Amino acid sequence: MLGLLKDGDHTAEQVLTTLDLADRLKTERRAGSEKPQLIGKNVALVFEKPSTRTRSAFEVALRDQGGAAVYFDSTSSHMGQGESIEDTAKVFGRLFDGVGFRGYAHHDVELLAEHSGIPVWNGLTDTWHPTQALADLMTMREALGRPLQEISVCFVGDASDNVARSLLVTGALVGMDVRIAAPAGYQPEEATISAARHAARGLGGRVTVTDDLESAVRGVDFLYTDVWISMGEKESLWDQRIADLRNFRIDAAVVTATGNPDVGFLHCLPSFHDDATSVGRTVKQKYGFDGIEVSDDVFRSPASIVFDQAENRMHSIKAMMLKSYFPSIGATL
C-alpha cells in the first residue's frame, strides 16, 4: 500500500498512471457513472493548518468512493502535544485505513507513515506539497491535450516554497520543461534543484532556475505563481519581501513577454489578486498594487485556469488514494 509523502517517492510511471486514473474518474463523475471502490475505508484527516481545497478534496473524494473521513484540527487531537506522534500513529493504524496530513514539519508526516502501518498522504508540509503537484500536472495536460513531455511551465516569484519545490521535482520526473524565475534568496535550495535534475534524466525533463525573468518565460505554455505573503504574517516582513519580488509579479507585461498568445495562468490558491481580502486591501493602500503576486486582470483573464486546477485537486487526490489500495487499477473507461 503506497502513500505519498514527498515528490520523488513515486516513479514517473506511477505518477502518469495516477493522472490517467484521475482523468477517468473526472469523466465518470460528470457522467454519473462512477463506481465506489473505497467502501468501508476510513481516513483520518489531521490538519494542523486550515484548508479549503485540500480538506474538501479529501472529504468529497472519499464520500464519492464510499469511504469516510474523520477530521482533526489543531485543537481536536492530542498529537504532538499531549501525546507523541508515534503513539498517535499507532492508534490511527488500529482505527483507520489511511491518514491525510496537512501541517508544518515534514518529519511529522514521516513519523505518521513509519509508525501507523497504513497509507499516509501529505496534503502539505513546510517542505513539500505533492498532492498539489498532481493536480497541477493533471490541469496542464488537460488544458493542452498534449503529453507532459511536450509542455513547459514557469514558476515566477517566491520559489522557495513547497509548491514550487514540488512542481520542480515532479514536473522534471515526468519529462516536462520546468522553469523557475525568482530572485536570489527566493529560489529552491540546491539540494532540490539537484534532485529535480536527477529526476529529469529518465524521461528527458528540463530544469531551469534563473533570476532572468524575460528569458525564463519566453515561449512557455504556462505561468505559475503563489502568494508572497501568508495570512497572519507580521507586516514588518512585507516591505523587504515586496521590494525583492515586485519585479517578479505576473502582470500583463509578463504574459506578453512569453510571446505565446495562448499561455495559461496557474495558481494553487488562495490568491491575493485584488482587495477583497484584508491582506489585499492593506497592500493596495500601502504599495498601490491591484493584486500582489498576480495582477487582477491576469487572474480574471481567459488565460486563467485556476478554478479547473482547484477542482482537479479532488480528482487527483481520489486517484492517488485508489492507487494506494489498488496499485494495478487502470484508466480504461
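Pick out the one residue from E13, E34, E28 that is part of a loop (DSSP other than H, G, I, E, B) and surrounded by fewer than 21 Cβ atoms within 10 Å (Cβ to Cβ). Only one candidate passes the filter, namely E34.
Within segment 164-202, the set of residues being among the β-branched types (V, I, T), under 16 Å from A135 (Cβ atoms) and in contact with a Leu (Cβ under 9 Å, 6 or more places away or on another chain) comprises T170, V174, V178.
Kindly indicate which of A164, A196, A133, A143 is outside the structural domain of T27 (by TED's automatic domain parsing) and surrounded by fewer than 23 Cβ atoms within 10 Å (Cβ to Cβ).
A143
For the condition among the hydrophobic types (A, V, I, L, M, F, W, C), touching a Ser or Thr at 6+ places or on another chain (Cβ under 9 Å) and not in a helix (DSSP H, G or I), F92 does not qualify. Does any residue of segment 117-129 turn out to be of a type in the set (D, E, K, R), in contact (Cβ under 8 Å) with a residue 24 or more places away in the chain, surrounded by fewer than 23 Cβ atoms within 10 Å (Cβ to Cβ) and under 21 Å from A195 (Cβ atoms)? Within segment 117-129, one or more residues are of a type in the set (D, E, K, R), in contact (Cβ under 8 Å) with a residue 24 or more places away in the chain, surrounded by fewer than 23 Cβ atoms within 10 Å (Cβ to Cβ) and under 21 Å from A195 (Cβ atoms). In this entry, F101 is excluded by the filter for residues that are of a type outside the set (K, R) and either under 30 Å from P261 (Cα atoms) or not in a strand (DSSP E or B) (or both). Residues considered: A133, A143. Of these, the only one that is closer than 17 Å to F58 by Cβ, of a type in the set (A, V, I, L, M, F, W, C) and either at pLDDT 95 or above or under 15 Å from the mean Cα position of the chain (by Cα) (or both) is A133. When I292, I242 are screened for being modelled with pLDDT under 95, assigned to a loop (DSSP other than H, G, I, E, B) and surrounded by 12 or more Cβ atoms within 10 Å (Cβ to Cβ), only I292 passes.
Scanning segment 1-10 for residues that are charged (D, E, K, R) and surrounded by fewer than 18 Cβ atoms within 10 Å (Cβ to Cβ) returns a single hit, D9. When S271 is tested against the conditions (1) part of a helix (DSSP H, G or I); (2) in contact (Cβ under 8 Å) with a residue 24 or more places away in the chain; (3) surrounded by 19 or more Cβ atoms within 10 Å (Cβ to Cβ); (4) not assigned by TED's automatic domain parsing to the domain that holds V60, the lone failure is (1).
For every residue, the table says whether it meets (1) more than 30 Å from Y287 (Cα to Cα); (2) among the polar types (S, T, N, Q).
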residue: V156; (1), (2): no, no
residue: D161; (1), (2): no, no
residue: P183; (1), (2): no, no
residue: Q187; (1), (2): no, yes
residue: A195; (1), (2): yes, no
residue: T210; (1), (2): no, yes
residue: T225; (1), (2): no, yes
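Looking across L2, L25, L38, one residue alone is in contact with a Lys or Arg (Cβ under 9 Å, 6 or more places away or on another chain), under 18 Å from S324 (Cβ atoms) and outside the structural domain of V109 (by TED's automatic domain parsing). It is L2. Just one of (1) assigned to a loop (DSSP other than H, G, I, E, B); (2) crowded, with 22+ Cβ neighbours inside 10 Å fails for L45. It is (1).
If you filter segment 63-89 down to residues that are out of contact with any Gly (no Cβ under 9 Å at 6 or more places or on another chain) and in a helix (DSSP H, G or I), you find that the one that is surrounded by the most Cβ atoms within 10 Å (Cβ to Cβ) is I85.
Matching residues to (1) in contact with a helix residue (DSSP H, G or I) (Cβ under 7 Å, 6 or more places away or on another chain); (2) within 18 Å of S324 (Cα to Cα); (3) aliphatic (A, V, I, L, M):
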| residue | (1), (2), (3) |
| --- | --- |
| R53 | yes, no, no |
| V109 | no, yes, yes |
| W121 | yes, yes, no |
| D126 | yes, no, no |
| D136 | yes, no, no |
| T139 | yes, no, no |
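Restricting attention to segment 269-288, the residues that are closer than 17 Å to L223 by Cβ and of a type outside the set (A, V, I, L, M) add up to 3. Of all residues in segment 106-150, which are of a type outside the set (D, E) and farther than 23 Å from K318 by Cβ? Scanning segment 106-150 gives H106, H107, L111, H115, T127, R146, Q149.
The values are calculated or read from the model by the stated rules, or taken from the named source; none is laboratory data. Keep in mind the model is a prediction, meaning the values are calculated, not measured. No Cβ is skipped: glycine too gets one built from the backbone with ideal geometry, and neighbour counts run over all protein chains shown.
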